[in-house]
């Protein structure tokens, strides 16, 4: 990586006063502060404040008061800055790795295409206009997706896949023999779904439609027919709303709770998510079994799950060691102990050998 030997800690702009009264006067005003330099990039105070505001808003939605949310987030400012520095390192790595940027753009475009299919929108321009009419900025969505997908691809390629495929058959078998109780037949549930998307629509109208469908389904309506007619999933005509069989223990709590006490043939309450509303029907249930069985994929997944947190920390330590990172004096005391904690542990272990 290229290092930059000097860090700029104040970004200034020239503000020109009212032309009628001060046509010849201007002054430089500090509008942002660089909190950290990460190789060629910077983490700014405005970026941190934006992230903190989003976090506060999220906590308020979860039921906390604005005061509680603000106090909690301000107490974690050092963690947030450390996280943004780590994120920047991963994003930079994504630019270095061959093919990552192309894969990211392909996935972003794929997501937009899926939304277009769900909404029966014929062009990307039409989709963008529909998003803007709903108060959603398409380029902002692209940027959020770009960062998240880049991080996912880099960590998957550089860490996760190497851990998963690096396990030898002997290690996998030995782990299974030592942990048979983990690999019993799980409780499963088969479900069908009707998904109503909020994208490009008035959310209140989507909720009313969902309520109407729920009443119709519980009155004996044909789930498959109503799914084909109403669901926004792109492949609903082929699968008639069938969503497959899932392990109950792997269900997200968003779905696990509504499905918990629904009997076979029953319909859940409306499940509202950020992107839309789900209506689920339970098609079948199978009970768990105490009998152990060997499934190499499941064993590898379990082993990788145990190893990944530590391996990802090691990877981030390597990225930091290879990077130029300079934190502003105003923020270093709150950030450095968090950002470099794992690095110091690694140094101690090395010195003990």
request  = Name the most mobile residue of 100, 136, 154, meaning the one with the largest mean-square fluctuation, in a Gaussian network model of the chain with Cα contacts below 10 Å.
outcome  = 136
Relative contact order of region 186-286, defined on C-alpha pairs under 8 angstrom at six or more residues apart (%) = 47
Semi-axes of the equivalent ellipsoid for region 186-286, Cα gyration tensor, largest first, Å = 21, 15, 13
task = For helix 124-133, report the angle its Cα long axis makes with the longest principal axis of the Cα atoms of the chain; keep it between 0 and 90° and round to the nearest 10°.
result = 80
The chain: angle of helix 100-119 to the longest principal axis, Cα-based, in degrees nearest 10 = 50
task = Take every Cα pair under 8 Å in the chain that's 6+ residues apart, average their separations, divide by the length, and report that relative contact order as a whole percent.
result = 22
query = What whole number of Å gives the distance from the Cα centroid of region 53-91 to the Cα centroid of region 109-182?
reply = 23
key: Per residue convex hull volume, Cα atoms of the chain, in Å³   = 232
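Every read-out reported here was derived from the displayed coordinates using simple, explicitly stated rules and does not represent laboratory data. Nothing here was measured: the structure is a model prediction, and the numbers come from that model.
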